[in-house]
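Before any comments, here is the structure.
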């Protein structure tokens, strides 16, 4: 039984508490929040959990094995570092940290201390994404041509992070999980409307070039009148649409594509079409957050590297950072691949 | 009665013939195509029309007032120029020409000869786009925040043009019609799959920056397993979704947005939400192509500049050209605003 | 080459003309309509067809093998009978006739004269219905539990027929084709709004009981603000939804159902659920009307009984007639208001 | 503060507990269930509530003002009667009782004892239904033409009640709330598949005739491969579609209909069409169950008759009972197979 202390009792923390309390491998040992009134609300729900006002108090409690952070991204680094130094395993809300340098430090610290560091990239534990991964790995999808994700809705506007840091971690984690490789280039566009003075982008496009013609593109917005969660993956054999708002048929596998025939005399390729059936596979109904929590517990027990461990989370922070630089540079593409603290460079044309 | 000769009896030409024949202001005087067999098919349908194998023959016929070109884009310039020089009014399929230089020449030629030059940007004559324009002009939408269009499907792959030149003219014409101003910057990404050897992009993203936070983005694809035609326009007061595949409710006007309140003591803006009703206005049922054809006829009769005249069409070709340069430069943003024959420049960072 | 004369140049007749003219097995020999002005419109389209004002004139023409009737249902009997008596093969728009007695007469007449009598139940020739039939016949659907069809929209209100005679032939022909057996009972409800004085039902429900628990129900309406064409077939192994308004995925096959396990000690059945994938098979793109026309031509050439021959059409007219009686009887219904243990009574008509 | 005891800790009871505990006007005083293990699960959640194994024990507790029953329908009568006799106010899950006679008894008992008797017809407290009611009452919808509801899904099959008693109370309560009048006639059809031996209908159609051409029809099913919750109301001025599965636009108001013009010389009505806009009004986001619970508390405090009081609930049970009789009578139906001019006959039962 892994005993967990959850830090942050705001928007997301209660979901972690509920899942740690329900998970047969974990127990909710403590809840930590600076806001005493907010904290007290959990006394009745979790009478067995200690309620503490600071991470220091939490780390001082006996019998806490791991700390889960559901706090603003700017606090991830100091809180996670302190918890790791105190010998705790750490689960951090996405994204891992506010900069690649911070994320690298956390990865190093976890390795030095021999502790599990994991990021809550919940989508990795969703049946739809797992199925999508299996389709790719089995070769059923064929060569990958493109990924296109639209993740837009009205709000929730935030003050301390922009729409890229808020929404792109979802698409980046899915994409990195599916492809297993970093992009060659990152370019992003964005603009600010609700908080123009604060320079907080509420609309952004992120483009990733993985080479070999494989592009990924994410449309991210807090400004859209309609909510859309549509992730399309195109391959040479099959293409898949993952619509997370669809209650019943989240995944659709299309046996459609083009066929390139031998060139004709005029040296033109002959392109034909293949139109097959559409299959919506039955997916397990399990809650991804519960699967994530169990995965964390098992990694703590076995010492295994989590599917969304520190290195995985670092890869995503690197892309977020690059995207941010690209947006703010108001211009050229940011070459991808240099050390994290290099200034943004222009790609060789 | 404006007497029309249609050049090109392939995919689109028959639609023009049908509409010119049905329009009370025009008559179909001639059909021109190099392919004699294809040409003969129209003898029964249009017994009153002369069937000729070349533009020269067409221009030699007595009593032809105007020429409509439904031929590949590479042929637009020589054919339109010849027709204008022969004193004919000219309607050209979108886009106007294969380069800005060609398009400029045609605009100049039409002005010198006092002839109407119009491009068939059909969407300008659709009830949905007309309604959208009226909503913006009346101030009902408020300040414009973004335009996002997704125009994707499987095929039709082409040999002589890429997905940008094929599909973007639709979004560019709508956007230019709605905004009435050119973008400040154009950046595009694309990749080639079906005809990689030919360098024909079948997937592309085009981004336009209009300044003041207003971005437009187009996702264009021949690779998508699903067909999507969704155009979203976001404003400070209202937002509109135009879904051209929806048979009954093509336009939805959302009375939704955010409200920025006075800053609090911590100098933060307070952002609230406004959630109102959704209205799908009833739209006229008229065929846009017939409205386009009638508009051309009236401009010929009155000498008025068409809504999608030469200058309008030139503006779109300029953006297409820039987008193409941006894709092929495999890299930096292409600054927008210089003369058409300037080499692509990097934007000032 | 079967030479056809089409009678009736109103709403549907031109579709038949176009398809007979395009069909490689048939030629359009004549068009017949009382309205001379309407008739003349087809001179240009079909210069090879004779234009005649009456069926007598048509029957007097040399070289006409078959007659296709696209006239109001009340005229089907006299026109078809005259054509059969003149030795012509006959295709009739659905439904076959205005009463079972008339339909029986036509069936007898066709048999006596050795001529083909066929009804244009176009759905039988649609790829979706053909696929559905194959799924049932192969046993993939299992035992049939229910058919439910919703066929509703606003208008087109008619004066000489009600919504049952207008829309139910579609559902009845599909159902009869799929099941191959007549229902045991027919009950229908309806009400009149737009033409209450004329007693023309614009809203109706038709229920068919095929025995063994298999019910079919059709909701038919000219009053609905939304257009729906949804046909659900439920079976013990699979269920199928046929949505004719869906452009791309008209048919969806659901591998879903319940499982009945051995009874427990309390003599209760244990019911479980089976949730499998959903498959939307790729369907051929052919036009059903063209397939229908070719089927008619082949039956004329071979003398074979059409899939929607006279007997088939008679079966449908019988159900329509019964449904009409049921509606107008105003109630083999359970009156409301008596004590709970009263036997069900008929309402006072 | 109204102190509530909830009886039945199975499927629905916990929802009532949660809402009574959260409601500012009520407190959860006790939970009652025969199953001790099930009962203990609520000790941690509601430490302030007494946990008792029987209604007698509950009624013996001091300080319980009201009893809420979330038990099988067969138990409603004895439990509610006992609670009323003990001077408690009573809230009963829908439907009120298993027969009209039982329901009448409960209504009489509540009146005699001066206690509130209310049925949890939750839909009456949903923003969508409230809005629909206001549209009708304001005259905006005009004369009512029809109500059509489709409430179908796969399962949940039950042993002690059929699909009519399970699902129809929703549509009946909405319809009765909107119309405020009982139907003149009730007819129903149904069939049994999963539990044919038990005679439990899992598919049913219920038809209500309200006179004046106003029909209501409900399609209810546990056999459908797809889940549908679509309620259409048609009026002379406007029509409304209420789709409860739609997350954002549950209600759509269509300004569509037909217009009847003066009769022409042939005494035919001239029917035209009116096509206007579609409006999806913004609805409040409140949870209907919380609004229901607060309504109950306020009625207890004020002595007012609830919107879904005993008489209201009795009206619905009467219809359910009639529908059941109609289904089981197997047929005030028109037998099929006789000659066309036979009068409609009843099938042999």
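The table below gives the values:
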{"read-out": "Test set (1) over 30 Å from residue A:233 (Cβ atoms); (2) more than 8 Å from chain A (Cβ to nearest Cβ); (3) in contact with a strand residue (DSSP E or B) (Cβ under 7 Å, 6 or more places away or on another chain) - residue B:287 fails condition number", "value": "(3)"}
{"read-out": "Residue in the stretch A:246-265 that is under 22 Å from the mean Cα position of the chain (by Cα), more than 12 Å from chain B (Cβ to nearest Cβ), part of a helix (DSSP H, G or I) and closer than 21 Å to residue A:134 by Cα present", "value": "no"}
{"read-out": "Within the stretch B:176-188, tally of residues that are surrounded by fewer than 23 Cβ atoms within 10 Å (Cβ to Cβ) and over 15 Å from residue B:119 (Cβ atoms)", "value": "7"}
{"read-out": "Test: residue in the stretch A:110-121 that is at pLDDT 95 or above, under 18 Å from the mean Cα position of the chain (by Cα) and more than 20 Å from residue A:4 (Cα to Cα)", "value": "no"}
{"read-out": "Close pairs (7 angstrom Cβ cut-off, 6 or more residues apart or separate chains): farther than 21 Å from residue C:300 by Cβ in the stretch C:76-104, modelled with pLDDT under 95 anywhere", "value": "C:99/D:340; C:100/D:340; C:101/D:340"}
{"read-out": "Listing of helices (runs of 4 or more DSSP H) fully contained in the stretch D:24-95 that carry 1 or more residues being surrounded by 21 or more Cβ atoms within 10 Å (Cβ to Cβ)", "value": "D:55-60, D:76-85"}
{"read-out": "Scan of the stretch A:233-245 for residues that are within 11 Å of chain B (Cβ to nearest Cβ) and either part of a strand (DSSP E or B) or within 22 Å of the chain's Cα centre (by Cα) (or both), ordered by number", "value": "A:233, A:234, A:235, A:239, A:240, A:241, A:243"}
{"read-out": "Some residue of the stretch A:221-231 being more than 8 Å from chain B (Cβ to nearest Cβ), more than 18 Å from the chain's Cα centre (by Cα) and either modelled with pLDDT of 95 or more or surrounded by fewer than 19 Cβ atoms within 10 Å (Cβ to Cβ) (or both)", "value": "yes"}
{"read-out": "Neighbours by Cβ (under 8 Å, 6+ apart or cross-chain): first from the stretch C:251-265, over 10 Å from residue C:238 (Cα atoms); second modelled with pLDDT under 75 and surrounded by fewer than 21 Cβ atoms within 10 Å (Cβ to Cβ)", "value": "C:260/C:269; C:261/C:269; C:263/C:269"}
{"read-out": "All positions within the stretch B:267-284 that are facing chain D (nearest Cβ under 9 Å) and surrounded by fewer than 17 Cβ atoms within 10 Å (Cβ to Cβ)", "value": "B:275, B:276, B:277"}
{"read-out": "Per-region count, the stretch B:198-214, residues in contact with a strand residue (DSSP E or B) (Cβ under 6 Å, 6 or more places away or on another chain) and either within 7 Å of another protein chain (Cβ to nearest Cβ) or more than 20 Å from residue A:234 (Cβ to Cβ) (or both)", "value": "7"}
{"read-out": "Unique residue being buried (at least 21 other Cβ atoms within 10 Å of the Cβ) and over 14 Å from the mean Cα position of the chain (by Cα) when the list is B:200, B:136", "value": "B:200"}
{"read-out": "Any hit, the stretch B:297-318, residues being within 13 Å of chain A (Cβ to nearest Cβ) and either within 30 Å of residue A:227 (Cα to Cα) or modelled with pLDDT of 90 or more (or both)", "value": "no"}
{"read-out": "Conditions (1) more than 7 Å from chain C (Cβ to nearest Cβ); (2) at pLDDT 95 or above: number failed by residue D:217", "value": "(1)"}
{"read-out": "Residue count, the stretch C:277-303 (criterion: out of contact with any helix residue (DSSP H, G or I) (no Cβ under 7 Å at 6 or more places or on another chain) and not in a strand (DSSP E or B))", "value": "12"}
{"read-out": "Residue list for the stretch C:163-197, filter: within 13 Å of chain D (Cβ to nearest Cβ), closer than 22 Å to residue D:144 by Cβ and within 15 Å of the chain's Cα centre (by Cα)", "value": "C:163"}
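The values are calculated or read from the model by the stated rules, or taken from the named source; none is laboratory data. Please read all numbers here as calculations on a predicted model, not as lab measurements. Glycine also receives a Cβ, built like all others from the backbone with ideal geometry; neighbour counts cover every protein chain displayed.
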